[in-house]
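**Q** Submitted below is the structure of interest, expressed as structure tokens.
A short reminder: the numbers here are calculations on the coordinates, not readings from a lab. The structure displayed is predicted, hence computed values, not measured ones. As a convention, Cβ positions derive from the backbone with ideal geometry for all residues, glycine included, and neighbour counts pool all protein chains shown.
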Ligand SMILES: [Cu+2]
């Protein structure tokens, strides 16, 4: 019996180690701003909110793994030690005060450990700090329109690049013609609304995902701490081209942002959403 126990234990540990190694490899492959092959974990964090989400996720993964292994070990013990063959005359024990207090108090402590960072994260996500600039993102069928009310009120449409227009380094189904550009290390308030149906504005590396609902102005925020390009997608089933309305956010230095704003003001002056773009968005 002892030998069989040890064999089962050794196999469990080997299995857990293999799973941990696979997970570590998958996490290491996590892309920055876009998904990568064989990735298991989240995309790399580019904002304090996403760093918190990643940390909280890892904490929960440890807790749930330990609980699962503990319950599995108890089950294995019961199956091996207390089956009818191994234990023909069962004990008549019914109550055990210490055990009953322990299995009430220990889960309460575990939930207490989880609830504190959970609420902190919720407040961090929902309390928009003093914003340095506001951008309005309007979900349309099937593309996004970005408005910069603080920087000259220009607005432009952002449509997914078709394969023929895409450069080699631009990811398929994610790259767009006009990226949303923001300065690094600045708090950006994003106001999100839907034009006709419900969409959702989501950028994994920023840790943001919020519904774009017609007639309701939703709000989220992010503060990107490193430059680069970060991709997201509409995350609410919104119709036939739901999969083809990506979000691309380029985070640049403050000087580059000012230069871009000056160009954009001219490029997108008096811009209105041409109806032919709506028609061609899905082709
Ligand atoms: Cu959508």
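**Q** Note the per residue figure in Å³ for the convex hull of the C-alpha positions in the range 133-220.
**A** For the range 133-220, the hull spanned by Cα atoms encloses 109 Å³ per residue.
**Q** Measure nothing fancy, just the Cα-based angle from helix 2-28's long axis to the longest principal axis of the chain, in degrees from 0 to 90, nearest 10.
**A** Value to nearest ten degrees: 10.
**Q** Using Cβ contacts closer than 10 Å as the measure, can you line up 258, 47, 147 from fewest to most?
**A** Going from sparsest to densest Cβ surroundings: 258, 147, 47.
**Q** Hey, another quick one. Given a 10 angstrom Cα cut-off, can you work out which residue in 222, 257, 82 is the most mobile in a GNM of the chain?
**A** 82
**Q** Moving on. For every helix of n ≥ 4 consecutive DSSP H residues, a contribution of -39,500 (n - 2.57) applies; sum these over the chain, divide by its total residues, and give [θ] at 222 nm rounded to the nearest 500 deg cm²/dmol.
**A** Helices in the chain give a 222 nm mean residue ellipticity of -13500 deg cm²/dmol.
**Q** Same structure, new question: Could you tell me the relative contact order of the chain? Use alpha-carbon pairs under 8 Å, at least six residues apart, and round to a whole percent.
**A** 19
**Q** Can you report the principal axis dimensions of the range 133-280 using only the alpha carbons, biggest first, rounded to whole angstrom?
**A** 39, 36, 32
**Q** With everything on Cα atoms, drop me the angle between helix 97-126 and the longest principal axis of the chain, reported from 0 to 90° to the nearest 10.
**A** 10
**Q** On full extension of the chain, what length is gained from residue 69 through residue 243, given 0.36 nm per residue of separation minus the C-alpha to C-alpha distance?
**A** Net length gain for the segment: 58.8 nm.
**Q** Further, regarding this structure: Compute the acute angle (0 to 90°) between the alpha-carbon long axis of helix 48-81 and the principal axis of greatest extent of the alpha-carbon atoms of the chain; round to the nearest 10°.
**A** 20
**Q** While we're here: Applying a 10 Å radius around every beta-carbon, put 105-115, 197-207 in order of their mean neighbour count, most first.
**A** Packing order, densest peptide first, comes out as 197-207, 105-115.
**Q** Per 10 Å bin from zero, what fraction in whole % of the C-alpha pairs of the range 104-146 is there, up to the bin with the longest pair?
**A** 21, 24, 24, 17, 12, 2
**Q** At 0.36 nm per residue, minus the direct Cα-Cα distance, what do residue 254 and residue 225 gain on full extension? Give it in nm, one decimal, please.
**A** Contour length minus the Cα-Cα distance gives 9.2 nm.
**Q** Any chance you could tell me what percent of the C-alpha pair distances in the range 21-140 go past 22 Å?
**A** 62
**Q** Now for a separate question. With only alpha-carbon pairs counted, each pair once and no self-pairs, how large is the Kirkwood hydrodynamic radius of the range 87-158 in angstroms?
**A** Across the range 87-158, the inverse of the average 1/r is 18.2 Å.
**Q** Normalised by the residues of the range 133-280, what does the relative contact order come to in percent, with Cα pairs under 8 Å and at least six apart?
**A** Contact order relative to length: 27 percent.
**Q** Right, another one. Largest first and in whole Å, what are the equivalent-ellipsoid semi-axes of the chain based on the Cα gyration tensor, each being the root of 5 times an eigenvalue?
**A** Over the Cα atoms of the chain, the ellipsoid semi-axes are 50, 21, 18 Å.
**Q** Using label points projected 7 Å from each Cα along Cα→Cβ, tell me how many nm separate residue 266 and residue 36, to one decimal.
**A** Here the modelled spin labels are 3.9 nm apart.
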